[in-house]
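Everything below concerns the one structure shown next.
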Amino acid sequence: MGLPEKPLTKEEIIGRLEECAKLDADPYSGKLFTIAFESGSEDLRNLLHRAFTMFMDKNILDITEFRSAIKLEKEIIDMAKSLMNADEDGVGTFTFGGTESVFLAVKAARDSFFIKKGFQMPEIVMPVTGHPCYDKAAEYMGLKVVRVPVDQEILEGDPDAIKEAITDNTAMIVGSVPNWPFGTFDPIEKFAEIAAEKNIWFHVDACVGGFILPFLKKLGESIPVFDFSIPGVSSISMDPHKYAYSSIGSSIILFRKSFNKMLSQYVNLRWPGYPIVNPGVLSSRSAGSLAATWAALHYAGEPGYLDLARKILKARTLVVDNLEKLDFKIMGRPRSPIVAFSSEEVNVFQLSDEMLKKGWFLLPQRGIGELSIPRSIHLTITPIHEQLSKQFALDLEEAKLAVSKMPPSEIGEMAKGFGMIMGLTAGEMDYEALRQIMNKLEGYIDDYGPELLKAFGLEEGLPQEMATLNELFDALPPEITELLVNYVVTEIYRKGL
Ligand SMILES: *Cc1c(COP(=O)(O)O)cnc(C)c1O
């Protein structure tokens, strides 16, 4: 398809886009328990749309042309600093997502390590529950990630495991409040102590927690201290596009001191063009999200966020009570707005598909067999769930009953067999094996790719029911699954299915 010979009219364009939007889940329905952070306030939503479009065409790249970015960002960062108890020296950068904030923290930690120790392979040590954006940053910027086990019962980070993994090459320690899979907290004070003692950069991942935990604490919940009031904390990431309910593409990275922000930035005057000064990973950036975030923080304010936090607590109590009534096992101690549960009675991958048939989007998670972390379902609870959690309980009960009557899934065993045939069980997977596979990958894909898509029913695009794929992801070594998923998603985009 080329560009249209005859351009479409505005009405036709909007009509087609409306058609296209029907492919999507409704982010305002309250039926999404993942990724959609919905306040339930239409008034706030309309305000964000206005703020976003007002600044959409301003490019933060050039602050000499668009000076508003300096002012809006300063006020956003100041509010974030006060939530995280930063002092006068604290600085920050507005970014377009938690991943970008983490990239900046990793770059600064890496360069600070190089300054202290010279060039050697820097390592990031973190609990296994840490977000994959650290692996991503490490891969992009030449570091290595060491993931260590968490406490099997409470699923919180284990200081002894962190201590044991530290070497002369450790450039960064990461703790999450909370982690994404289970919503449990790493012991930040203990991690900070270890980091301070060894003079290692300590990053607190409060991407999901930063804009909710301070308010839960004010409501009397038991939330441990995790911010700059702990001396060993070097940087904190927190995402307004999560519990500040701002537009998607809003995050903040805070640094304890100015010099560390300098290490996170990119400046280049080596070409004949304009000076490149990039506080973030991207260069040209629309100021839309920045304005929307400024608007969200001022609209809700302290009382608004407290109110929304109250609604979350109410919804969480209802959800947890219902899960327990249905004999699901809650993972760890739910102290954040994230609740995860497992089941010894039913296959949770199939349960997730059954719930999808009733319009609910849950997030199935594979777990890690070797560490005795079972597969589970993750729920991100947001204020809008306050209204809907009774219906959720009814549907969940029905779905559980339906799944309990289903035959057990065979695909898991099949996939395990597939892994064995390739001679690569999880334990044996190593870099040399992976290198050999990557070396032959292009040929394999030409030969077997289309067959593979057909075998898993993917030649028509993403299936509605994901249990089969989830079983497969669970059964194969992650390194293999990563290649498969990479291929499948490339194909889905290529074909536009
Ligand atoms: C959301 C999140 C991130 C980053 O995710 P983005 O999708 O890039 O915003 C990192 N860590 C944790 C714990 C998160 O919840």
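The values are calculated or read from the model by the stated rules, or taken from the named source; none is laboratory data. Just so it is clear, the structure is predicted and the values come from calculations on it, not from any experiment. Positions of Cβ are generated from backbone atoms using ideal geometry, with glycine treated the same way; all protein chains shown enter the neighbour counts. Quick note on the areas: whole protein, heavy atoms, side chains included, nothing else; ligands and nucleic acids left out. Shrake-Rupley method; radii C 1.70, N 1.55, O 1.52, S 1.80 Å.
Does PHE182 fit the bill of being farther than 22 Å from SER112 by Cα and either part of a strand (DSSP E or B) or touching a Phe, Trp or Tyr at 6+ places or on another chain (Cβ under 6 Å) (or both)? Taking the combined requirement at face value, the residue does not satisfy it.
Restricting attention to the range 77-90, the residues being more than 16 Å from the ligand (Cβ to nearest atom) and under 22 Å from the mean Cα position of the chain (by Cα) number 3. Just checking, does the range 257-266 include any residue being open to solvent by 50 Å² or more (accessible area, probe 1.4 Å), out of contact with any strand residue (DSSP E or B) (no Cβ under 7 Å at 6 or more places or on another chain), away from the ligand (no atom under 16 Å from the Cβ) and within 25 Å of GLU302 (Cβ to Cβ)? Among the residues of the range 257-266, not one is open to solvent by 50 Å² or more (accessible area, probe 1.4 Å), out of contact with any strand residue (DSSP E or B) (no Cβ under 7 Å at 6 or more places or on another chain), away from the ligand (no atom under 16 Å from the Cβ) and within 25 Å of GLU302 (Cβ to Cβ), which makes the answer no.
Looking at VAL174, VAL208 in this structure, which one is farther than 20 Å from VAL146 by Cα, within 11 Å of the ligand (Cβ to nearest atom) and out of contact with any Cys (no Cβ under 8 Å at 6 or more places or on another chain)?
Testing whether each residue is farther than 20 Å from VAL146 by Cα, within 11 Å of the ligand (Cβ to nearest atom) and out of contact with any Cys (no Cβ under 8 Å at 6 or more places or on another chain) leaves just VAL208.
In the range 419-456, which residues are modelled with pLDDT under 70, within 30 Å of the chain's Cα centre (by Cα) and open to solvent by less than 100 Å² (accessible area, probe 1.4 Å)? Scanning the range 419-456 gives GLY419, LEU424, THR425, ALA426, GLY427, MET429, ASP430. Using the structure shown, decide if SER246 is within 12 Å of the ligand (Cβ to nearest atom), farther than 30 Å from ILE115 by Cα and under 15 Å from the mean Cα position of the chain (by Cα). The answer is no for SER246.
Of the conditions (1) small (Gly, Ala, Ser); (2) more than 15 Å from the ligand (Cβ to nearest atom); (3) under 26 Å from ASP78 (Cα atoms), ALA165 satisfies every one except a single condition; which number is it? It is condition (3) that ALA165 fails.
Residue check: THR93 meets all listed conditions (1) polar (S, T, N, Q); (2) open to solvent by 50 Å² or more (accessible area, probe 1.4 Å); (3) within 23 Å of the chain's Cα centre (by Cα) but one, namely (2).
Quickly run through the range 316-329 and pick out the residues that are among the β-branched types (Val, Ile, Thr) and touching a helix residue (DSSP H, G or I) at 6+ places or on another chain (Cβ under 6 Å).
Of the range 316-329, the ones among the β-branched types (Val, Ile, Thr) are 317, 319-320.
Answer for the range 316-329, where residues must be among the β-branched types (Val, Ile, Thr) and touching a helix residue (DSSP H, G or I) at 6+ places or on another chain (Cβ under 6 Å): just VAL319.
Within the range 97-124, being farther than 24 Å from LYS242 by Cβ and within 16 Å of the ligand (Cβ to nearest atom) holds for no residue.
If I filter the range 478-492 for residues that are open to solvent by 40 Å² or more (accessible area, probe 1.4 Å) and of a type in the set (S, T, N, Q), do I get at least one hit? Among the residues of the range 478-492, at least one is open to solvent by 40 Å² or more (accessible area, probe 1.4 Å) and of a type in the set (S, T, N, Q), which makes the answer yes.
Name every residue in the range 294-322 that is farther than 22 Å from LYS218 by Cα and at pLDDT 95 or above, in order of residue number. Within the range 294-322, TRP294, ALA295 meet the criteria. For the range 343-378, the candidate set comprises residues that are of a type in the set (D, E, K, R) and within 11 Å of ASN470 (Cβ to Cβ); within that set, the residue that is least open to solvent (accessible area, probe 1.4 Å) is ASP353.
PHE473 meets the conditions (1) within 30 Å of GLU432 (Cβ to Cβ); (2) more than 23 Å from the chain's Cα centre (by Cα) in every case but one. The failed one is (2).
Considering each of LEU323, LEU282, LEU297 in turn, give the residue that is within 20 Å of SER247 (Cβ to Cβ), crowded, with 20+ Cβ neighbours inside 10 Å and touching a residue at least 12 places away in the same chain (Cβ under 8 Å).
Values: LEU323 fails: within 20 Å of SER247 (Cβ to Cβ); LEU282 fails: crowded, with 20+ Cβ neighbours inside 10 Å.
Result of the check over LEU323, LEU282, LEU297: LEU297.
Checked against the criteria, THR129 does not count as of a type in the set (Ser, Thr, Tyr), closer than 21 Å to CYS207 by Cβ and in contact (Cβ under 8 Å) with a residue 60 or more places away in the chain.
The listed residues are VAL148, VAL125, and the only one of them that is surrounded by 23 or more Cβ atoms within 10 Å (Cβ to Cβ) and closer than 30 Å to SER372 by Cβ turns out to be VAL125.
Give the range 180-202 a look and list any residue that's of a type in the set (S, T, N, Q) and crowded, with 24+ Cβ neighbours inside 10 Å, or say none.
First, pick out the residues of the range 180-202 that are of a type in the set (S, T, N, Q): 184, 199.
Across the range 180-202, the qualifying residue is only THR184.
Restricting GLU38, GLU75 to those that are charged (D, E, K, R), surrounded by 16 or more Cβ atoms within 10 Å (Cβ to Cβ) and either at pLDDT 95 or above or touching a helix residue (DSSP H, G or I) at 6+ places or on another chain (Cβ under 9 Å) (or both) reduces the list to GLU38. Selection within the range 127-155: residues that are aliphatic (A, V, I, L, M) and not in a loop (DSSP other than H, G, I, E, B). The member of this set that is nearest to the ligand (Cβ to nearest atom) is ALA137.
Among the listed residues PRO224, PRO272, identify the single one that is under 26 Å from ALA195 (Cα atoms), of a type outside the set (Lys, Arg), out of contact with any Gly (no Cβ under 9 Å at 6 or more places or on another chain) and free of Cβ contacts under 8 Å to residues at least 60 places away in the same chain. Can you show your working first?
On the way: PRO272 fails: under 26 Å from ALA195 (Cα atoms).
That would be PRO224, the only listed residue that is under 26 Å from ALA195 (Cα atoms), of a type outside the set (Lys, Arg), out of contact with any Gly (no Cβ under 9 Å at 6 or more places or on another chain) and free of Cβ contacts under 8 Å to residues at least 60 places away in the same chain.
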